[in-house]
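The values are calculated or read from the model by the stated rules, or taken from the named source; none is laboratory data. Keep in mind it's a predicted model, so treat the numbers as computed, not measured. Ideal geometry is used to build each Cβ from the backbone, glycine not excepted, and the neighbour counts take in all protein chains shown. These area figures cover heavy atoms from the full protein model, side chains too; ligands, DNA and RNA do not enter into them. Shrake-Rupley method; radii C 1.70, N 1.55, O 1.52, S 1.80 Å.
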Amino acid sequence: MPVESGSSAAARQAKQKRKSHSLSIRRTNSTEQDRAGMQREMLEGQDSKLPASLRNNLLDLFGQIEREFENLYIENVELRREIDTLNERLAAEGQTIDGGDLSKGPLKAKASHSTSQLSQKLKTTYKASTSKRSHSFQGKVGGPRNFNMGNWELWGGDSWIVSSFKTTTSRAVCQLVKEYVGHRDGIWDVCLTRTQPVVLGTASADHSAMLWSIETGKCLLKYIGHAGSVNSIKFHPTEQIALTASGDQTAHIWRFMVQLPTPQPAADTGAPCEDDVDFSDKDEAEADGDVSSECPTIRIPSTTLKSHQGVVIAADWLVGGKQVVTASWDRAANLYDVETSELVHSLTGHDQELTHCCTHPTQRLVVTSSRDTTFRLWDFRDPSIHSVNVFQGHTDTVTSAVFTVGDNVVSGSDDRTVKVWDLKNMRSPIATIRTDSAVNRISVSVNQRIIALPHDNRQVRLFDIAGVRLARLPRSNRQGHRRMVCCTAWSEDNPTCNLFTCGFDRQAIGWNINIPALLQEK
């Protein structure tokens with residue numbers, strides 16, 4: 001009988017190993033297929049009114065979620081092994097890592113950065129339409145909702161993976177007080193009157209501007225003189241006069257007179273504050289109120305300013321209230337005389353469309369921001385010299401730049417940063433705030449100089465002038481904005497609401513910010 005050589009025996013054993021491995025792989029795949037088939041049979045056997053195709057699609061989606069959890073679990077196990085190995089090595093050297101005993105504490109792992117990329121907003125032009133048959137919706141439209149993985153925790157010795165949502169501010173510090181509902185389209189701007197009685201003004205893509213009672217939330221007056229989206233609203237420093245800018249390429253000045261209603265006891269919103277809870281479409285439908293029949297209406301402006309060749313995106317009063325400045329998509333800002341309605345200066349130089357303009361509260365200074373990633377400072381203090389300075393501190397559209405009472409300018413951008421500048425030395429910012437979402441029209445409180453940041457991702461965050469994060473306004477399934485937050489405005493002297501926000505969900509919200517407690521938590 002022939003004897004098998006050593007090399008042939010080794011080859012046969014290697015072949016058997018490969019065969020065994022191949023059989024093992026086929027057996028595993030077969031088991032997964034059997035499990036999927038059993039799940040489908042169980043699903044089909046259940047009494048349900050869902051179509052079979054939809055039920056199969058749901059089963060496939062759940063299978064994908066399960067695989068994601070399995071991958072995350074495996075990554076955590078491998079990380080735990082690495083930490084155990086490192087701890088053993090350090091223990092031999094007389095050192096250890098805090099929290100190294102994973103059987104007694106949680107092991108946290110962040111979701112991949114690619115997950116957050118799913119939350120990018122689709123941006124369209126939406127502020128220019130003058131059609132009355134369809135809403136003029138130009139700006140940033142929220143994209144499809146995404147599943148945010150958040151921070152995941154794997155508890156030692158257990159196979160459950162749970163989501164950890166940290167509440168960054170207590171309800172006692174930042175509390176929702178009043179909702180102002182009545183616009184039929186997104187609200188772009190919010191502002192407070194500077195004269196008594198103090199009322200809230202909103203500018204909306206539904207071609208209207210509204211004045212509201214802060215305490216009762218009732219509409220006091222409605223302005224419908226524009227033929228396009230109303231993109232901003234600002235009030236005269238000493239008189240009851242409003243200035244609005246519109247997609248119909250004009251800015252309007254109109255007088256108003258309001259009488260405050262008798263305040264009613266405020267209803268407790270009552271909902272607990274939980275961050276990052278999504279909203280249903282039903283909630284948004286409830287906000288679609290109609291107040292046109294409940295408040296007086298103004299249809300004709302006192303003055304119309306119409307020298308622009310494009311959408312007028314913003315307008316503001318110069319100190320004293322005798323002149324106004326407007327910013328347009330025609331790449332220019334115009335300075336007008338209010339009494340004569342004549343164009344005094346055309347401020348040109350930006351390479352792309354302007355996004356905002358703001359005036360200094362006590363000096364004849366104007367700052368304009370643009371899609372060309374710059375903002376410009378215009379100086380009209382000397383009648384014979386009109387100087388301009390260009391600042392390139394951002395990498396994307398500068399959505400707003402505002403003055404503070406001190407010598408600072410604060411700029412926000414779609415590059416997800418906010419920068420604080422010193423007017424005396426603007427070569428580089430004195431503070432940079434980095435966020436996880438594009439920033440829209442910001443505001444800075446007068447007394448404490450707290451910056452309120454409205455974001456594309458429905459959040460509103462508070463920072464001090466040094467760039468230290470103070471709080472995030474609470475959001476729950478019944479509180480906060482349901483869509484992109486477009487603008488913020490402070491009113492520190494109001495005892496009821498001292499911060500106002502507005503957004504794409506067609507509502508403005510009044511918040512009570514306990515500033516002493518907020519600064520104490522800092």
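So here's what we get for this one:
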{"item": "Residue list for the stretch 443-479, filter: open to solvent by 10 Å² or more (accessible area, probe 1.4 Å), of a type in the set (A, V, I, L, M) and within 17 Å of the chain's Cα centre (by Cα)", "result": "Val444, Leu470"}
{"item": "For Val388: the one exception among (1) closer than 22 Å to Asp414 by Cα; (2) touching a Lys or Arg at 6+ places or on another chain (Cβ under 7 Å)", "result": "(1)"}
{"item": "Condition broken by Asn494, with the remaining ones in (1) polar (S, T, N, Q); (2) within 15 Å of Val418 (Cα to Cα); (3) modelled with pLDDT under 95 satisfied", "result": "(2)"}
{"item": "Test: residue in the stretch 405-415 that is modelled with pLDDT under 90 and polar (S, T, N, Q)", "result": "no"}
{"item": "Selection count, the stretch 178-208, where residues are hydrophobic (A, V, I, L, M, F, W, C), under 20 Å from the mean Cα position of the chain (by Cα) and under 18 Å from Asp493 (Cβ atoms)", "result": "2"}
{"item": "Boolean, Ile430 is of a type in the set (Val, Ile, Thr) and open to solvent by 20 Å² or more (accessible area, probe 1.4 Å)", "result": "yes"}
{"item": "Residue count for the stretch 329-347, restricted to those that are among the polar types (S, T, N, Q), in a loop (DSSP other than H, G, I, E, B) and open to solvent by less than 60 Å² (accessible area, probe 1.4 Å)", "result": "1"}
{"item": "Failed item, numbered, when Cys174 is tested on (1) under 30 Å from Ala332 (Cα atoms); (2) open to solvent by less than 10 Å² (accessible area, probe 1.4 Å); (3) at pLDDT below 95", "result": "(1)"}
{"item": "Number of positions in the stretch 319-328 that are touching a residue at least 60 places away in the same chain (Cβ under 8 Å) and outside any strand (DSSP E or B)", "result": "3"}
{"item": "All strands (runs of 3 or more DSSP E) inside the stretch 348-427 with 1 or more residues being hydroxyl-bearing (Ser, Thr, Tyr) and open to solvent by less than 60 Å² (accessible area, probe 1.4 Å)", "result": "354-359, 365-370, 385-391, 398-403, 408-413, 417-422"}
{"item": "Positions within the stretch 367-409 being farther than 13 Å from Glu353 by Cα and acidic (Asp, Glu), in sequence order", "result": "Asp379, Asp382, Asp407"}
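Each row is one residue, and each column tells you yes or no for (1) assigned to a loop (DSSP other than H, G, I, E, B); (2) at pLDDT 95 or above; (3) not β-branched (Val, Ile, Thr).
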position: Ser170; (1), (2), (3): yes, no, yes
position: His183; (1), (2), (3): yes, yes, yes
position: Asp189; (1), (2), (3): no, yes, yes
position: Gln196; (1), (2), (3): yes, no, yes
position: Leu221; (1), (2), (3): no, yes, yes
position: Pro237; (1), (2), (3): yes, yes, yes
position: Thr244; (1), (2), (3): no, yes, no
position: Val258; (1), (2), (3): yes, no, no
